[in-house]
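Let me begin by presenting the structure, written as structure tokens, before commenting on it.
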Amino acid sequence: MNLADNIERAVEQLHITTRAETDKSILDDAFAALDKSAQKQSSHVGLGARRRALRIRIAELAAVAAVILVIFALFFGISSVDVGFGEIYQALGAVENICITTFEPAANEPMQIEWVSQALNIDMFRIGEQLVLWDISNNIKMTKNLSFDSVKTQILSGEMLAKLKQAANQRFGLVPFSSISGISGARWTRVDDSEVETVVSGTRAFDLTWPEKNNASGAISFRKWRIFLDRDTNLPKRTQWYSKLKPEEEYKFETFSVITYPSESQIQALIRSTFGPAALQPRDPGYISTPPPN
């Protein structure tokens, strides 16, 4: 059974009606997009004639919105999802404080823990026994090894500050692309598997898959990012990263992150217990002499 037959059969099963003039207006736009994509696929030669016949059947049998959903789901191989990728950006954009704990699949101890507070304007990492605090408001970096009591403090350069501020706009590094415009060519689908969703209770799981080109070698690899979203807030509770080198291979599970949302006071208490009570306090920029008159 070819594509057009699949569409017609799916449409007939909808058993709903609509006005023909409304159908024609919206379907013209839908089929224009369909034709544009079909030009790139030689196997769909002859689709135009079958499409004209299908237009008549659609006007008789189905509502426009449902028909378009069927057409694009069958033609582009995508499934209907109840949360868009853009909604994750929107939800994360409202987050003030977050903690991201990253693991390798077989490890019991985390590779890294990161605390980010937009309210406090800080980013703190723990990797092994070392903690690093980037205090953007005070323009300093504080470093402490948990095996020792001493804390090292250094002034941040202008270049480093610019990089930190840029990173702060990338949704805490949780999402694979820094903006929605970067997902061209990617595929966003709902994971329709109840066993997968039991990994994190109270969530819905979604996959983002895309080809990735190595700029140095030109080689193409394939990436998958799975996210478990809280059913009430649409905020991430867990993310998982996968990759493979060839389309026919199985994805390899690389890392996963557990996400929590501490309060500002909880982050403040953690920072001060680690770096001392003076941490986060406004600092004296130092004396700057008045320049001599010209």
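What to note about this one:
- Within region 214-232, the presence of at least one residue that is exposed (fewer than 10 other Cβ atoms within 10 Å of the Cβ) and either aromatic (Phe, Trp, Tyr) or closer than 19 Å to residue 83 by Cα (or both) is confirmed.
- Check on residue 117, touching a helix residue (DSSP H, G or I) at 6+ places or on another chain (Cβ under 8 Å) and of a type in the set (Ser, Thr, Tyr): yes
- Unique residue being modelled with pLDDT under 90 and either of a type in the set (Gly, Ala, Ser) or within 26 Å of residue 269 (Cβ to Cβ) (or both) when the list is 86, 128: 86
- Number of the exception - residue 157 against (1) under 23 Å from residue 242 (Cβ atoms); (2) surrounded by 11 or more Cβ atoms within 10 Å (Cβ to Cβ); (3) at pLDDT below 90: (1)
- Selection count, region 126-138, where residues are touching a strand residue (DSSP E or B) at 6+ places or on another chain (Cβ under 7 Å) and either surrounded by 16 or more Cβ atoms within 10 Å (Cβ to Cβ) or not assigned by TED's automatic domain parsing to the domain that holds residue 173 (or both): 6
- You will find that of 279, 269, the residue that is out of contact with any Ser or Thr (no Cβ under 8 Å at 6 or more places or on another chain), in a loop (DSSP other than H, G, I, E, B) and under 21 Å from residue 138 (Cα atoms) is 279 and no other.
- Long-range neighbours under 6 Å by Cβ, at least six apart or interchain, first residue assigned by TED's automatic domain parsing to the domain that holds residue 174 and without any contact (Cβ under 8 Å) to a residue 60 or more places away in the chain within region 229-251, second aromatic (Phe, Trp, Tyr) and part of a loop (DSSP other than H, G, I, E, B): 242/251; 244/251
- Selection of first residues in region 197-210 that are within 24 Å of residue 177 (Cα to Cα) and of second residues that are surrounded by fewer than 16 Cβ atoms within 10 Å (Cβ to Cβ) and hydroxyl-bearing (Ser, Thr, Tyr), restricted to Cβ pairs under 7 Å at least 6 apart or on distinct chains, gives the following pairs, ordered by first then second residue: 206/189; 207/189.
- Here region 189-237 is the region considered, the condition is being more than 24 Å from residue 89 (Cα to Cα) and aliphatic (A, V, I, L, M), and the residue that is modelled with the lowest pLDDT is 216.
- Enumerated strands (runs of 3 or more DSSP E) restricted to region 111-166, each holding at least 3 residues that are in contact (Cβ under 8 Å) with a residue 24 or more places away in the chain and more than 21 Å from the chain's Cα centre (by Cα): 130-135, 140-145
The values are calculated or read from the model by the stated rules, or taken from the named source; none is laboratory data. Worth saying up front: this structure is predicted, and the values here are computed from it rather than measured. Note that we place each Cβ from the backbone using ideal geometry, even for glycine, and neighbour counts take in every protein chain shown.
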